[in-house]
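The values are calculated or read from the model by the stated rules, or taken from the named source; none is laboratory data. Just so you know, these numbers come straight off a predicted model, no measurement behind them. Glycine also receives a Cβ, built like all others from the backbone with ideal geometry; neighbour counts cover every protein chain displayed. Accessible surface areas use protein heavy atoms only, side chains included; no ligands, DNA or RNA. Shrake-Rupley method; radii C 1.70, N 1.55, O 1.52, S 1.80 Å.
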Amino acid sequence: MSTAEALTPIPLGDLKCYEDALAAMEERLARALAHLKGKSAGLAPGQDLIDQHQLAVYDLAFFRAELSAARAVQNWAASQSGASAPFCQSLAGAVVADTLTQLRLRLGARALDYGFTREALEAPFSGLIDDALQRASDSEALERLGEALLARQGDLGPLELPEATRMMRDTFERFATDVVAPQAEAIHRQDLTIPDDIIEGLKALGCFGLSVPERFGGLLPDDREDTLGMIVATEALSKASLGAAGSLITRPEILARALLAGGTDAQKAHWLPRIAAGEPLVAISVTEPGTGSDVASVALRASRCEGGWRLNGAKTWCTFAGKAELILVLARTDPDPQAGHRGLSLFLVEKPSTTAHEFAHQSPGGGEMSGRAIPTLGYRGMHSFEMFYDDFFVPDSHVLGGEEGLGKGFYYQMRGFSGGRIQTAARATGLMQAAFEAALRYSQDRKVFGQSVADYGLSKVKLARMAMALQSARLLTLDVGKLLDAGEGQMEASLVKLYACRAAETVCREALQLHGGMGYAEETAVSRYFVDARVLSIFEGAEETLALKVVGRALLA
């Protein structure tokens, strides 16, 4: 089959069927949520609806994420014209068909849990709609999509980005290709700390000031958010290396947003210009050995003393703590256990930078802070540390928000995390792009049984499905970025993290599979992509916590 014959325009009737099918599934999801919400009337006092129906809420959160991703791809394809339109429409048709097929199966498997009979669930999809969905995702259609991808050398179609965003993307892509990518494998295999030339280069590009307003020396416009800029920069760096570049933006973003939300004028004036310049490098210390994603249960104690506070307790998974010179630490300032999240405050803790995997630092005011890097499967370069505080002194001036900030640390921290979740979706997209490109190259170069791996029908289908997941995650991430820039989309930032991080595991797994035995060898980059992808559904809010406590709760509100 020639390239010209690979894809033809989708019939208008089928395009209309995709829209009708998405609308029908939106209605079914709304009915399922309403049915589940109605069960609250049967709960005993003190029982929580989500805790009593965790599996249903978890599933519905993912249903919402997958449906939103399919809608993002469909809207994108509908806006295309010219030579790329048939490819974009075919990609969107495959995404919509595959998504709705999976949702129908999973809803139908427990239809009674969601208030349906199977017949009622399937009723809107009969006839022309079902025929169109089957044509979009049958084996021949997926093979043709794979052939088109090979002919296009992996080009997934145009993106509509503002010119300034496009320029930012191009700048970070050049740096990632020229500086980060050549060092990525050595950093991973030798478990190195991120080299200074990467950090200094990103300082020069203003990377650490992407979330700092211009009035404080950053790149963020004073009058609006620029989440899109953050997304494209993060994706470009993560494609080169998740651990050595893609996550460097996250910590200064979280700290900058927390400072902007609750810092005193003096703290903003002092710290924000320095953070924007990358002097100091920063880390965030929230998670504790016994709390995980349950931020409200933080137990590290902060006790008043003359001129400040003394920190006692342990933290874990404090990423970049060794190299950082400023750590944002969440601690309990109200010892009353009934205070819960209202008893937490944030502290700006200074320390010397080190590349060592283990360190100890004495506070000038007394007490010690120590850290030890946790060996991990992947995500190397940043290093995550176990942290211990033993009567470590922090002055009053370093309580975020001063006296007015006491007891408000949880809220300031959550403000910081909102950006971290959309950024994690962008990290996942960058990692998927790297894995997809590697699979595309290798499958064309590698010969098996007399022909290239890419010539086989199953390989074409695998490449098509990888492209579907990648482009769905990218488009949904950009859509949510636009919502955040408009002052909305807090729940959607968690929702897109759910989708993109799960998709990254699948795409990186298939990239490794297409490499065969070489994919399992550390000398190939896809082995790094595979282990790096696994962390995405855990950090910046574990998948289960986001699905139940953030997305699920918002959907049922």
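Structural remarks
- Matching residues in region 298-338 - criterion: being under 19 Å from LYS351 (Cβ atoms) and aliphatic (A, V, I, L, M): LEU300, ALA302, LEU311, ALA314, ALA321, ALA324, LEU326, ILE327, LEU328, VAL329, LEU330, ALA331
- Residues in region 156-165 that are of a type outside the set (Ser, Thr, Tyr) and either part of a loop (DSSP other than H, G, I, E, B) or touching a residue at least 40 places away in the same chain (Cβ under 8 Å) (or both): LEU156, GLY157, PRO158, LEU159, GLU160, LEU161, PRO162, ALA164.
- In region 517-528 there is at least one residue matching the filter, namely being more than 24 Å from ALA244 (Cβ to Cβ), part of a helix (DSSP H, G or I) and at pLDDT below 95.
- Annotation: of all residues in region 483-508 being acidic (Asp, Glu) and in a helix (DSSP H, G or I), the one that is farthest from ARG528 (Cα to Cα) is ASP485.
Yes/no matrix, rows are residues, columns are (1) open to solvent by less than 10 Å² (accessible area, probe 1.4 Å); (2) touching a Leu at 6+ places or on another chain (Cβ under 7 Å); (3) hydrophobic (A, V, I, L, M, F, W, C):
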position: ALA435; (1), (2), (3): yes, no, yes
position: ARG441; (1), (2), (3): no, no, no
position: ALA454; (1), (2), (3): yes, yes, yes
position: ALA464; (1), (2), (3): yes, yes, yes
position: ASP479; (1), (2), (3): no, no, no
position: LEU483; (1), (2), (3): no, no, yes
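- In a residue-by-residue description of region 391-406, the property of being small (Gly, Ala, Ser) and in a loop (DSSP other than H, G, I, E, B) applies to at least one position.
- Residue within region 357-374 that is assigned to a loop (DSSP other than H, G, I, E, B), of a type in the set (Ser, Thr, Tyr) and open to solvent by 30 Å² or more (accessible area, probe 1.4 Å) present: no
- If the condition is being part of a loop (DSSP other than H, G, I, E, B), closer than 26 Å to PHE417 by Cα and either in contact (Cβ under 8 Å) with a residue 40 or more places away in the chain or open to solvent by less than 30 Å² (accessible area, probe 1.4 Å) (or both), then region 296-312 contributes VAL298, LEU300.
- Residue match in region 500-511 (condition: under 27 Å from GLY381 (Cβ atoms), more than 16 Å from the chain's Cα centre (by Cα) and not basic (Lys, Arg)): yes
- Per-region count, region 271-295, residues in contact with a Ser or Thr (Cβ under 7 Å, 6 or more places away or on another chain), at pLDDT 90 or above and either assigned to a loop (DSSP other than H, G, I, E, B) or open to solvent by 10 Å² or more (accessible area, probe 1.4 Å) (or both): 1
- Across region 138-165, the number of residues qualifying as surrounded by fewer than 17 Cβ atoms within 10 Å (Cβ to Cβ), among the acidic types (Asp, Glu) and within 30 Å of GLN102 (Cβ to Cβ) comes to 4.
- Residue in region 34-53 that is out of contact with any Pro (no Cβ under 8 Å at 6 or more places or on another chain), surrounded by 17 or more Cβ atoms within 10 Å (Cβ to Cβ) and small (Gly, Ala, Ser) present: no
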